[in-house]
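Okay, so here's the structure we're looking at.
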Amino acid sequence: MENPRLYQFNLPQRNRPPDIILSDPWYPGVQSCWERCTTKRSVDPIYGIRAVVIHATAGTSSSGAISVMKRRDDPASFHWLVPDEDEAQHGHLVWACAPEALAAWHVRNAASHPDVNGGAGRVNHWSLGIEVVNAQKNDPFSDWQIEATARIVRYCWAKYPNLKHVVSHAKLDPGRRSDPGEHFDWLRFKSLVLVGGNDELPALVAQATPLSRLRSPASSPCCDVGPVTD
Ligand SMILES: [Zn+2]
């Protein structure tokens, strides 16, 4: 088992992938909560992006994760959500949840690590956040979840010229967080990101399935993100 508090790798300036297309429709209705759980970035929204932070929800459904964005007290937010294997969207699409141009609230302001952007704080302002739906304890990640997460990172690597760090939430906030957890196959994930073995994966390149053909996700009570403020 790997220790999630050590999960990090850096993206080389060379071998930046060509533009990657994601199948990432907005999670239905998610736009209504942006005003309360996102912030204008303090850095340039393209050139200021330095890191992608990998999370797991500690819940069992996409709707449970989205409920954290919508709650009144201590909302949290993230840019993408990778569905769990028992959800209809699994294998087809990842959900876009917050505009990349805005800071989502997925890491506490006080959290930082000297290995990541020189130890700078206020990570949300210069990072993008990916949540993978996973209960963490005794819950394996599917191969597709790892592949889909890697594909999002490759999309970001192609788009953001100063993006360098790919890091776990656990490394940035080890006293409070352990996500994405020991079951997340970080070595395979790293290899997929750096080598790009899944750039042509049909399920990830294909057009998104129309939402009308997908059943509604079941509800879930918990999520590992937050509390975070700007
Ligand atoms: Zn997290």
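Using square roots of five times the C-alpha gyration tensor eigenvalues, list the equivalent-ellipsoid semi-axes of the range 97-206 in whole Å, biggest first.
After diagonalising the Cα gyration tensor, the semi-axes are 23, 18, 13 Å.
Given 0.36 nm per residue, what is the gain on full extension from LYS190 to ASP86 after removing their alpha carbon distance, in nm?
So the chain would gain 35.0 nm between LYS190 and ASP86.
Over the Cα atoms of the range 42-107, each weighted equally, I'd like the Debye log10 I(q)/I(0) at q = 0.12, 0.17, 0.26 Å⁻¹, rounded to two decimals.
These q points yield log10 I(q)/I(0) values of -0.35, -0.67, -1.24.
Measure up LYS40/LYS159; LYS40/LYS171; LYS137/LYS171; LYS70/LYS190 against 23 Å on the Cα-Cα distance and list the ones that go over.
LYS40/LYS171; LYS70/LYS190
Please give the residues of the range 171-195, grouped as numeric ranges, whose backbone N is less than 20 Å from a label point set 7 Å along the Cα-to-Cβ vector of ALA120.
Flagged as within label range: 171-174.
As a test of the definition: which semi-axes, in Å, follow for the range 102-148 when you take the square root of five times each eigenvalue of its alpha carbon gyration tensor? Largest first, please.
Square roots of five times the eigenvalues give 26, 12, 11 Å.
Mind giving me the FRET efficiency for ASN138 and SER32? R0 is 25 Å, r the Cβ-Cβ distance, nearest 0.05 is fine.
The calculated FRET efficiency here is 0.15.
For the range 88-127, what is the Kirkwood hydrodynamic radius in Å, using each pair of distinct C-alpha atoms?
Taking every pair of different Cα atoms in the range 88-127, averaging 1/r and inverting gives 12.0 Å.
Restricting to bridges with both residues inside the range 50-194, how much of the DSSP beta-bridge set is antiparallel, in percent to the nearest 5?
15 percent
Quote the FRET efficiency, to the nearest 0.05, computed for ARG72 versus ALA158 with a Förster distance R0 of 25 Å and r equal to the Cβ-Cβ distance.
Calculated transfer efficiency: 0.10.
Starting with the highest mean, order 107-119, 14-26 by the number of other Cβ atoms within 10 Å, averaged over the residues of each peptide.
Averaged packing, sorted descending, gives the order 107-119, 14-26.
Can you pull the three principal axis extents for the Cα set of the range 1-126, in Å, largest first?
Here the Cα extents, ordered largest to smallest, are 37, 34, 32 Å.
Here, each number is a calculation from the coordinates, and none is a lab measurement. None of the values given here were measured: they were computed from a predicted structure. Heads up, the Cβs are rebuilt from the backbone with ideal geometry, glycines too, and the neighbour counts pull from every protein chain shown.
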